[in-house]
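Engineer: My structure is below; once you've seen it, I'll send some questions.
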Amino acid sequence: MIFRQCFNLDLACQNYSKTNLTCQKPHVSTFTFDLIKHKRPINNERELARNMKCLLNIPRISLNHYMKRYSVRQFRSISNEVNQLSADLTRKFQNVGIEKTESRLSAEFIIAHVMGKKMFYQVSKSAKIPGTQLKEIKELAEKRSERMPLQYVLGEWDFHEFTVKLAPPVLIPRPETEELVQFVLEDIGQDETFQKFLEVGCGSGAVTLCLLSKLPWMKAVACDISKDACNLTIENLSRYHVDKRASVLNRDFKSPDTIQLISEHGPFDFIISNPPYILTAHLDDLDPEVKKYEDRLALDGGQDGLDFVRHLIAVSPLLLKKEGKLWLETGLEQHNLIENAINNHSVGQLKYIKSMKDFTNRERFCLIQKV
Amino acid sequence: MKPKLSSLSVGISNNLPACFQQCACISKKNYKFPEILERDLEESIVKGSGPGGQSVNKTSNCVVLLHKPSGIVVKCHHTRSLAKNREIARELLEEKLDESINGKNSYLAQVMQEKRDKKLKAKQKTKKKYQLLSAQKDMVQDKEDLISELETVDPESNQTDNTGMETIDKKTDKQT
C-alpha cells in the first residue's frame with residue numbers, strides 16, 4: 001500500500017492522550033478509527049507502534065490486527081488518480097457548504113463531463129487524466145465552489161432523453177417538469193387531432209423540445225419575457241431539428257399586445273406552463289445556487305405565489321380551443337386557491353379538472369379545461 | 001405519474017418448431033415478463049422533504065424501487081434525467097423479478113443461453129473446418145509420400161534395364 005501524505009503521529013498521540021485523560025487504556029480501534037475518519041493515512045504498522053507512546057498499554061497483536069483491518073479497507077479505493085481527484089473535489093465542495101451527496105455528485109459529474117462521458121460510472125477509473133483535462137476540471141470546480149449550479153457549470157443537463165444547453169440566468173429545468181411532460185404525453189397519445197400548443201415561459205425550451213420531438217405532427221408557440229431564454233430555446237430546438245415547427249416570441253405575456261399576437265397563431269389545443277410560483281417572501285431563503293444565479297423573474301410569483309397563474313387563468317379562454325386544456329406546474333398547497341380563482345373569476349369559461357401528484361407524492365400539477 | 005411498464009405480448013420462444021429454432025432470437029417483444037402492479041411498487045427518490053420544484057436545484061436523481069410482494073430492490077442512477085432513471089429502474093425490476101421467478105427460463109437466462117449456443121456453434125464450425133483442412137492435408141501428404149516412394153523405386157528399375165541393355169549390347173557387340 002502506498003500512502004501519499006505524511007503524518008505526525010507524535011502530535012496525534014499527544015492530542016489523543018490530552019483529550020482522553022480520563023481514559024487510561026484507550027482502545028486501539030477507536031484511535032485508528034479517529035485517524036482514518038480524519039483522513040490521515042498511516043505509513044505502516046511499525047511506525048504507528050513506534051510512535052504510540054500513549055498507547056503502550058495495548059498489546060501489539062491487537063494493534064496490528066486493527067491496522068490491517070481498517071486501514072486496508074479504507075485506503076484501497078483511493079489509490080488511483082480518478083478516485084483521488086473525485087474525493088478531493090468532494091471535500092472541496094463540502095468545505096464551501098454544499099451538502100455531502102451533492103458535493104460528491106458535483107465532483108463526479110464534472111470529472112465525467114470533462115472526460116467526455118455523461119455519468120461517472122462510464123469513466124475508466126484506471127485512466128490517466130491528461131494535463132489539459134485536469135486544468136479544465138479545476139476551472140469547473142472553481143466555478144462550482146462559488147455555488148454556481150452544476151448545470152450552469154457544465155453548460156448542459158438532461159431532460160428526458162434530450163441534452164439541453166443551459167446558461168445563467170435561464171431557469172434550469174426541474175425533474176418535476178419532466179413529470180408534467182409525461183402527463184401531457186400520456187393524455188395526448190397519438191391523437192393527431194391535436195395540432196398546436198402554446199408554452200408560456202419556455203425558459204431553456206426543454207418542454208417544447210420534448211413535446212415537439214415526441215409529437216411530430218404538432219406545431220408550437222413558445223413565449224418568454226427574457227431574451228436569453230428565447231435565444232437558448234431557439235438553440236435547443238435547432239439542435240434537435242424541431243425549430244421549424246416552433247415560433248419563439250420574446251414578449252411579456254402580461255401585456256395585451258402579446259396576447260393579441262399569440263392569439264393570431266392560435267387557438268391552441270393546449271397550453272402548458274411552469275410559471276413562477278414562489279412567494280416573494282421565500283425567495284431569500286432559497287439555496288445560494290438558486291438565489292444567486294437563476295432568474296428571479298422565473299421564480300417570483302408575488303405575495304401568494306399566484307400572480308402569474310391568475311393572469312393565465314384570465315387569458316387562457318382567449319387562446320384555447322373549445323375543450324382545450326391548460327396544464328400547470330405549481331407550488332405546494334396552491335391548488336385550492338387556484339380552484340377558487342377559477343370558480344370565481346373565469347366567468348364560467350374554465351373548469352378545474354384534477355390535481356396530479358409528483359414523485360414525492362404531493363400535489364404539484366393541475367389540469368384545467370376550457371368549457 | 002408512474003412511467004408505463006414494457007407492453008407485454010403473448011408468445012414464448014421455447015415452443016417454436018425445430019425448423020424455426022435455428023433463426024429464433026429471443027427479444028423483449030416476444031417474451032412475456034411477469035406482471036408488476038403499480039400499487040405493489042414503492043419508489044423513493046432521494047430529494048428530501050423540502051418544498052421541491054422551482055425552489056430547489058438538486059442533481060441527485062437516484063431512484064430506489066421496491067417491489068413489495070417479492071422484496072426485490074432495484075437502485076438506478078444510470079442517467080442524469082430522473083424520468084429516464086425511473087423508466088430504467090422499472091425495466092431492471094422486471095428483469096430481476098423474471099429471473100427470481102423463472103430461473104433458468106427467464107429472459108436473461110435465455111439470452112445467455114443463446115449466446116453460449118452461438119459460441120458453441122461457432123467453435124464447432126471452426127473445429128470441423130480445421131478437421132477437414134487437416135484431413136485434406138493428410139491426404140495431400142499421403143499422396144506426396146506415395147509419389148516420392150514411386151520415384152525412389154523407378155530409378156532402380158531403370159538401372160536394371162540399362163545393365164540389361166548393356167549386356168545385350170555387349171552380347172551383340174560380341175556377336176558382331
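The values are calculated or read from the model by the stated rules, or taken from the named source; none is laboratory data. Note that the structure is a prediction, hence the values are computed from the model and not measured. Cβ coordinates were reconstructed from backbone atoms using ideal geometry, including for glycine residues, and neighbour counts include every protein chain displayed. Areas reflect the complete protein model, heavy atoms only, side chains present, ligands, DNA and RNA absent. Shrake-Rupley method; radii C 1.70, N 1.55, O 1.52, S 1.80 Å.
Engineer: For the pair B:Lys75/A:Glu139, report the inter-label distance in nm, with labels modelled 7 Å from Cα in the Cβ direction.
Structural biologist: With each label point 7 Å from Cα toward Cβ, the separation is 3.5 nm.
Engineer: At what distance in nm do the modelled label points of A:Thr132 and A:Lys244 sit from each other, each positioned 7 Å from its Cα along Cα→Cβ?
Structural biologist: Simple spin-label model gives 3.6 nm for this pair.
Engineer: Ok, one more. What's the local net charge at A:Ile313, with K and R +1, D and E -1, over the other residues with C-beta under 14 Å away?
Structural biologist: Surrounding charge for A:Ile313 is +2.
Engineer: Next question. For the interface of A with B, what's the total buried accessible surface in square angstrom, probe 1.4 angstrom, rounded to the nearest hundred?
Structural biologist: Using a 1.4 Å probe, the pair buries roughly 3000 Å².
Engineer: Now a separate question. May I ask what percent, to the nearest 5, of DSSP beta bridges between residues of the range A:130-280 are antiparallel?
Structural biologist: Counting DSSP beta bridges with both partners in the range A:130-280, the antiparallel share is about 20 percent.
Engineer: Count, for each residue of B:83-89, the Cβ atoms from other chains sitting within 10 Å of its Cβ, then give me the mean as a whole number.
Structural biologist: Mean partner shielding for this stretch: 4.
Engineer: Calculate, in nm to one decimal, what A:Asp304 and A:Ser263 gain on full extension: separation in residues at 0.36 nm each, minus their alpha carbon distance.
Structural biologist: Answer, rounded to one decimal: 11.9 nm.
Engineer: At a Förster distance of 60 Å, what's the computed FRET efficiency of A:Asn83 paired with B:Lys128, Cβ-Cβ distance as r, to 0.05?
Structural biologist: 0.80
Engineer: Quantify how strongly other chains surround peptide B:55-68 by giving the mean number of their Cβ atoms within 10 Å of each of its Cβ atoms.
Structural biologist: Other-chain Cβ atoms within 10 Å of each residue's Cβ, averaged: 5.
Engineer: Restricting to the range A:224-371, what percent of DSSP beta bridges are antiparallel, rounded to 5?
Structural biologist: Of those bridges, close to 65 percent are antiparallel.
Engineer: Moving to a separate point now. Taking the solvent-accessible surface of protein heavy atoms with a 1.4 Å probe, what is the per residue accessible area of the range A:164-313 in Å²?
Structural biologist: Heavy-atom accessible area per residue stands at 40 Å².
Engineer: Also, quick follow-up: Quick one: which of B:56-69, A:280-293 comes out on top by average Cβ neighbours within 10 Å, and what's the full order, highest first?
Structural biologist: The most tightly packed comes first, giving B:56-69, A:280-293.
Engineer: Quick one: of B:Lys32/B:Lys104; A:Lys214/B:Lys32; B:Lys28/B:Lys104; A:Lys196/A:Lys321; A:Lys227/B:Lys58; A:Lys100/A:Lys135, which pairs are farther than 20 Å apart, Cα to Cα?
Structural biologist: A:Lys214/B:Lys32; A:Lys227/B:Lys58; A:Lys100/A:Lys135
Engineer: Can I ask one more? Compute the length gained on full extension between A:Gln190 and A:Asn344: take 0.36 nm times their separation in residues and subtract their Cα-Cα distance, giving the result in nm to one decimal.
Structural biologist: Value of the extension gain: 52.0 nm.
Engineer: Can you compute the label reach from A:Glu146? Point 7 Å from Cα along the Cβ direction, backbone N cut-off under 12 Å, restricted to the range A:275-296.
Structural biologist: Output list for this probe position: A:293.
Engineer: Moving on to the next point. Nearest 20 debye, what's the magnitude of the dipole of the range A:252-345 about its Cα centre given +1 on Lys and Arg Cβ and -1 on Asp and Glu Cβ?
Structural biologist: I would put it at about 380 debye.
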